[in-house]
Amino acid sequence: MPFDPEDFFRLAKDMLGENREELDEARARTIIGRSYYSVFLKARDKVIQINPLYRDQLISNRDLRENVH
């Protein structure tokens, strides 16, 4: 079953919460990582929607940068 990238973003927002002053480095890095991955997945899906030939080529963020001009 496909995973909704928006779920990563919601998780990041939930982790950020209201108490931002007490944000430790591990939590901050996790929030940034989940947010980044959400955006990457959305960008990858959009590229595949525009050109389905990329479906088998786009696996990593490096692939996305190198194959999309």
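Where a number appears in this text, it was derived from the coordinates with a stated rule and is not lab data. None of these values were measured; they are calculated from a predicted model. As a convention, Cβ positions derive from the backbone with ideal geometry for all residues, glycine included, and neighbour counts pool all protein chains shown.
Here are the numbers:
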| item | result |
| --- | --- |
| Potential lengthening between Arg29 and Asp56 on full extension [0.36 nm per residue; Cα-Cα distance subtracted] | 6.8 nm |
| Hz values of 3J(HN,Hα) by residue in the range 24-39 - Karplus curve (6.51, -1.76, 1.60), Gly and Pro given as x | 7, 4, 4, 5, 4, 5, 5, 4, 5, x, 5, 5, 4, 5, 4, 5 |
| Modelled FRET efficiency - R0 30 Å, Gln49 with Leu11, Cβ distances, 0.05 increments | 0.80 |
